[in-house]
Amino acid sequence: QVQLVESGGGLVQAGGSLRLSCESSGRFFDTYTLGWFRQAPGKERNFVVAVNSDHGTYYADSVKGRFTISRDNAKNTVYLQMNSLKPEDTALYYCAARMGLLSTLSNRYTYWGQGTQVTVSS
């Protein structure tokens, strides 16, 4: 069983930065593909970025060049560095994990955290 706990969310002004963390308590962390998704009120949960076990990454176009995902297998933690934040980045951000290849589809991920709120003011 894999448990994921996100942290690092908060309120920031447009143009600012935040760093989200997601720590896993499960085994074999280094073999998992890890993803970040986000969900704004009244909207669907959308893919943001993912990193596989080889540190390969894939970004949604909306965050490319502004967000950076990284993983520290020694700490069982995945990070999301978010720069140049915009009001439209406001959402509940979820960390997710799956065994297998990178995927942008939320239903391909087996394990989910509870989410951390990111609010960007204009």
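Any idea how far the Cα center of the stretch 68-82 sits from the one of the stretch 83-122, in Å?
Going from one Cα centre to the other spans 13 Å.
Taking the solvent-accessible surface of protein heavy atoms with a 1.4 Å probe, what is the per residue accessible area of the chain in Å²?
53 Å²
How much of the accessible area of the stretch 25-102, probe 1.4 Å, is carbon plus sulfur, in whole percent?
Carbon-and-sulfur percentage of accessible area, whole number: 48.
Taking every Cα atom in the chain, find the radius of gyration and the maximum pairwise distance Dmax, and write them in Å.
For the chain, the Cα-based Rg and Dmax read 13.2, 41 Å.
With θ set to phi - 60° and the Karplus curve 6.51 cos²θ - 1.76 cosθ + 1.60, what are the ³J(HN,Hα) couplings of the stretch 105-112 in order, to the nearest whole Hz, using x for Gly and Pro?
So the J values, rounded to whole Hz, are 8, 5, 6, 8, 9, 8, 10, 9.
Would you pull out the residues with amide H under 5 Å of Ala60's amide H, same chain only if 5 or more places away, H placed 1.01 Å from N?
Val49
Scanning the chain for trypsin sites (Lys or Arg not before Pro) in DSSP loops with at most 15 other Cβ atoms within 10 Å, what's the longest stretch left with none?
Longest stretch, sites excluded: 67-122.
The values are calculated or read from the model by the stated rules, or taken from the named source; none is laboratory data. Since the structure is predicted, the reported quantities are computational estimates derived from the model, not experimental observations. Counting neighbours? That spans all protein chains shown, and the Cβs are built from the backbone with ideal geometry, glycine included. SASA here: full protein model, heavy atoms, side chains in, ligands and nucleic acids out. Shrake-Rupley method; radii C 1.70, N 1.55, O 1.52, S 1.80 Å.
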